[in-house]
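Visitor: Got a structure for you, questions after.
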Amino acid sequence: MKNTKSLLMLLALLLPLLAAGCAGKNTGHGSMAGDDMGMKLHHQHMLMNHGLSMALEGSNSLMVADMDMAPKIDAIAHEHGHYMMNMGKAVINEQLSGQEMKDLMMGGDAQAPPMLYTHELGESMLVVVDLLGKMAKSGSMPADMMPMHHQHLLINHAMDMAAQGANMAMLGKMGMAGGGVDTYAVDHGEMMLNNAKSLLTEVMSGDAMMDMHAKGKTPEGHADMTATHKLGEAAVKVVHLLAKMPAM
Ligand SMILES: [Cu+2]
C-alpha cells in the first residue's frame, strides 16, 4: 500500500517534466535548441550557396561580355551580369546580418561552432564576390587577357560545383528521403567537392599556368596574374570550407 502511494507521488512529480520533454524544442529559455538552430543554419547555408552561385554566374556573364565577341548580346550579358552579382551579394549579406541572423545571435548562440562556421563561410564568399567585382570591367579587354579569363571561368565553375556538392551532401545527411537516395546525394555531393578541389589545383598550378609564368606573366610582376592568384586562393578557401560543412 505504502509502495503504491510512493509510486503515485513519484509519477505526479515526474509528469510535468515528461510533458516538458515531449513538448520538445523551445522550452522558453530564449536560446534555441540545437536542432532548431541546425535546421535554420542549414537553410541559410543553402541560400548562401545560391547567392554565391548567382554572383559566379554574373561574373561569368560579365567576362563573356568583356570578350567583346557579340556586341549586341554582350550588352545584355553585361547588364544581367551586374544584376546577378549584386543580387548574389545581397543574398549572402542577408543571411549573415539580416533579421533572422540577428535573432539567432540574440538567442545566445553567437559562439556556437556551427554559427562560427556560417560566418567564416559567408565572409570567405564575400571576399570572392569582392574580387570578382574588382575584376569586372566595363571597357575593352586586352588580347592577352583571354587565357586568364578562361582560367577565371574555370575557377568560378569549381566554386559553383562545390556549392552544389555541399548542398547535396547536406541534404543527404538530413536523412529525410531514406535509403539509397540520401546515400547517393551524399556520395555525389562529396565527389563534386573533391572534383572542384582537383580542378582548382590544376588551373592554379598545372602546366598551363606554369607556362604562363615562364613567359613573363608572373603572380609578382603581372597585375592581372596577381588578381588571378588572389581569386584562386579565395576560391580554394571557399571550396575547402564548403567541404567541411557540418552535418548538424
Ligand atoms: Cu599564375
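Values in this text are rule-based calculations from the coordinates and carry no lab data. This one's a predicted model, so the numbers in the text were calculated from it and none came from an experiment. Every residue, glycine among them, receives a Cβ derived from its backbone with ideal geometry; neighbour counts consider all protein chains shown.
Visitor: Can Leu193 be described as away from the ligand (no atom under 11 Å from the Cβ) and touching a His at 6+ places or on another chain (Cβ under 8 Å)? Reasoning before the result, please.
Guide: Details: away from the ligand (no atom under 11 Å from the Cβ): yes; touching a His at 6+ places or on another chain (Cβ under 8 Å): no.
Considered against the rule, which asks whether it is away from the ligand (no atom under 11 Å from the Cβ) and touching a His at 6+ places or on another chain (Cβ under 8 Å), Leu193 comes out as no.
Visitor: Further, regarding this structure: Anything in the range 222-246 that is within 11 Å of the ligand (Cβ to nearest atom) and farther than 24 Å from Ala169 by Cα? List them, or say none.
Guide: Result: His222, Asp224, Met225, Thr226, Ala227, Thr228, His229, Lys230, Leu231.
Visitor: Would you please name the residue that is nearest to the ligand (Cβ to nearest atom), looking only at residues in the range 196-221 that are under 24 Å from Ala163 (Cβ atoms) and aliphatic (A, V, I, L, M)? Before you say what the answer is, go through the steps one by one.
Guide: Filtering the range 196-221 down to residues under 24 Å from Ala163 (Cβ atoms) leaves 196-206, 209.
From what is left, the residues that are aliphatic (A, V, I, L, M) are 196, 199-200, 203-204, 209.
On the way: Ala196: 19, Leu199: 15, Leu200: 12, Val203: 9, Met204: 7, Met209: 5 Å.
Per the stated criteria, the residue is Met209.
Visitor: Residues in the range 92-115: is at least one without any contact (Cβ under 8 Å) to a residue 24 or more places away in the chain, buried (at least 21 other Cβ atoms within 10 Å of the Cβ) and among the polar types (S, T, N, Q)?
Guide: no
Visitor: Now for a separate question. Tell me which residues, restricted to the range 191-213, are in contact (Cβ under 8 Å) with a residue 40 or more places away in the chain and charged (D, E, K, R).
Guide: Residue satisfying the conditions is Lys197 alone.
Visitor: Need the failing condition index for Gln164 against (1) under 18 Å from Ser59 (Cα atoms); (2) among the polar types (S, T, N, Q); (3) not in a helix (DSSP H, G or I), just the number.
Guide: That leaves (3) as the condition not met.
Visitor: Restricting attention to the range 176-188, does a residue exist that is within 13 Å of the ligand (Cβ to nearest atom), crowded, with 19+ Cβ neighbours inside 10 Å and without any contact (Cβ under 8 Å) to a residue 60 or more places away in the chain? Spell out how you get there, then give the answer.
Guide: Keep residues of the range 176-188 that are within 13 Å of the ligand (Cβ to nearest atom), which gives none.
Looking through the range 176-188, none of the residues is within 13 Å of the ligand (Cβ to nearest atom), crowded, with 19+ Cβ neighbours inside 10 Å and without any contact (Cβ under 8 Å) to a residue 60 or more places away in the chain.
Visitor: For residues that are surrounded by 14 or more Cβ atoms within 10 Å (Cβ to Cβ) and either in a loop (DSSP other than H, G, I, E, B) or touching an Asp or Glu at 6+ places or on another chain (Cβ under 7 Å) (or both), tally how many sit in the range 209-248.
Guide: Qualifying residue count, the range 209-248: 7.
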